[in-house]
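To keep things clear, I will list the structure first and then write my remarks on it.
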Amino acid sequence: MIKSYSVRHINVSPGLVLSPMSGVTTRPFRRLIKEYNPGAVGLLVSEFVSVEGMTRGSRRTLEMMRFSEEERPYCVQIFGYDVDRMRDAALMVQDIGADMVDINCGCPAPKVVKRGGGCELMRQPDHLRQIIREVRRAVSIPLTLKIRAGWDESSRNAIDVAKMAESEGIEALAIHGRTRAQLYRGLADWSLVKEVAEHLSIPVLGSGDVIDGATAEERLQGKVAGLFIGRASIWNPLVFREIVSGERDTLRNNHAKMLEMLFRYVDLLREDFHDSSCAGKLKQLASQMCRGAIWRKPLLTLNTLAEQIDLLRRVRDGAFLPSQESLEQEREATDEGIAA
């Protein structure tokens with residue numbers, strides 16, 4: 001039984017959250033996940049959105065916040081360094097009607113941390129305190145925070161940062177159990193996640209290495225209120241319903257379901273993007289989700305959406321004949337995916 005948790009008046013049930021991922025958790029992807037995991041996704045989170053772009057009126061950045069009513073409860077995650085821009089951006093999130101606003105204090109990407117955002121804020125807790133304080137004063141919607149274990153092994157300050165955040169009005173906190181120095185290498189430290197949860201009275205969620213029902217059950221222990229699931233949702237977009245239902249491997253060998261989901265994703269993508277942008281998004285999903293399919297490699301070589309749709313239709317109609325090279329390449333890709 002997967003736990004649920006509440007952030008003020010918002011019930012997140014079940015306590016499974018689609019983690020924010022740059023370039024991935026767009027509105028079409030979020031809607032795909034919600035549609036194919038009915039009743040199994042408690043909260044959807046946007047891509048992390050730059051407060052610089054938001055407050056300077058960048059159309060592309062503002063479009064990243066767009067959402068559909070069926071996505072609720074919906075959270076927008078913002079990142080940046082400037083206190084005033086963080087406050088103003090949070091107000092913009094509130095004004096569009098989002099249910100929550102989350103401050104990104106965990107992104108390890110160089111382009112983010114070199115500008116003072118993401119995990120760099122964990123090295124400047126006094127400045128982070130000022131950001132949280134000003135944002136909390138400005139908005140009335142729930143305010144949450146996502147952090148990491150720390151910057152590196154010599155500065156694992158997650159507990160101190162979490163305590164400070166709660167004292168300043170953060171209402172739920174997610175922690176990724178790796179340091180910034182680790183990026184996504186090695187294993188997430190879930191003992192730290194559980195320790196942080198023990199120290200706080202607000203909901204604490206864990207992030208890192210949740211890929212199926214077994215890992216979810218293992219990590220959702222003690223006071224840990226819920227789980228953030230990111231990369232696994234690209235490998236297996238059905239992961240949420242598998243966790244809730246206890247099913248396993250419902251997609252890997254079901255190529256008909258893969259095709260169904262890809263065609264649906266095309267429809268959703270076309271509502272928000274031009275065809276020229278859809279092609280890359282489709283390949284992004286297919287490269288991970290479709291390992292083992294003999295048509296995966298040929299699909300990834302195509303650069304236009306029209307070509308991709310034509311190939312998928314031929315596969316669906318039984319008219320696709322893969323080359324021997326494609327068969328061998330897909331066998332290698334599948335072996336690599338299993339090993340990973």
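Below, the figures for the structure above:
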{"quantity": "Qualifying residue in segment 257-264 (condition: modelled with pLDDT of 95 or more, surrounded by 19 or more Cβ atoms within 10 Å (Cβ to Cβ), out of contact with any Cys (no Cβ under 9 Å at 6 or more places or on another chain) and of a type in the set (Phe, Trp, Tyr))", "calculated": "no"}
{"quantity": "Any chance GLY206 is at pLDDT 95 or above, assigned by TED's automatic domain parsing to the domain that holds ASP126 and not hydrophobic (A, V, I, L, M, F, W, C)", "calculated": "yes"}
{"quantity": "Selection within segment 170-181 - part of a loop (DSSP other than H, G, I, E, B) and β-branched (Val, Ile, Thr)", "calculated": "ILE170"}
{"quantity": "Complete set of residues in segment 267-291 that are of a type outside the set (D, E, K, R), more than 17 Å from THR25 (Cβ to Cβ) and surrounded by fewer than 15 Cβ atoms within 10 Å (Cβ to Cβ)", "calculated": "HIS274, SER276"}
{"quantity": "In segment 182-195, the residues that are part of a loop (DSSP other than H, G, I, E, B) and surrounded by fewer than 17 Cβ atoms within 10 Å (Cβ to Cβ)", "calculated": "LEU183, TYR184, ARG185, GLY186, LEU187"}
{"quantity": "Options MET86, MET92; residue that is within 24 Å of ARG27 (Cβ to Cβ) and either free of Cβ contacts under 8 Å to residues at least 40 places away in the same chain or in contact with a strand residue (DSSP E or B) (Cβ under 6 Å, 6 or more places away or on another chain) (or both)", "calculated": "MET92"}
{"quantity": "Yes/no for GLU198 being surrounded by fewer than 18 Cβ atoms within 10 Å (Cβ to Cβ), assigned to a helix (DSSP H, G or I) and more than 21 Å from the chain's Cα centre (by Cα)", "calculated": "yes"}
{"quantity": "Only listed residue being farther than 23 Å from CYS107 by Cα and among the aliphatic types (A, V, I, L, M), chosen from ALA225, ALA214", "calculated": "ALA214"}
{"quantity": "Matching entry among ASP152, ASP126 (being over 20 Å from GLU63 (Cα atoms), loosely packed, with under 15 Cβ neighbours inside 10 Å and at pLDDT below 95)", "calculated": "ASP152"}
{"quantity": "Test: residue in segment 292-301 that is in contact (Cβ under 8 Å) with a residue 12 or more places away in the chain and closer than 19 Å to SER22 by Cβ", "calculated": "no"}
{"quantity": "Residue check, GLY213 surrounded by 24 or more Cβ atoms within 10 Å (Cβ to Cβ) and either in the same structural domain as ILE147 (by TED's automatic domain parsing) or not aliphatic (A, V, I, L, M) (or both)", "calculated": "no"}
{"quantity": "Where a residue in segment 178-194 is within 17 Å of MET21 (Cα to Cα) and its partner, wherever it lies, is among the aromatic types (Phe, Trp, Tyr), with Cβ under 9 Å and at least six apart", "calculated": "ARG178/TYR184; ARG180/TRP151"}
{"quantity": "Some residue of segment 241-255 being touching a strand residue (DSSP E or B) at 6+ places or on another chain (Cβ under 9 Å) and either buried (at least 19 other Cβ atoms within 10 Å of the Cβ) or modelled with pLDDT of 95 or more (or both)", "calculated": "yes"}
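The values are calculated or read from the model by the stated rules, or taken from the named source; none is laboratory data. Source: prediction; values computed, not measured. No Cβ is skipped: glycine too gets one built from the backbone with ideal geometry, and neighbour counts run over all protein chains shown.
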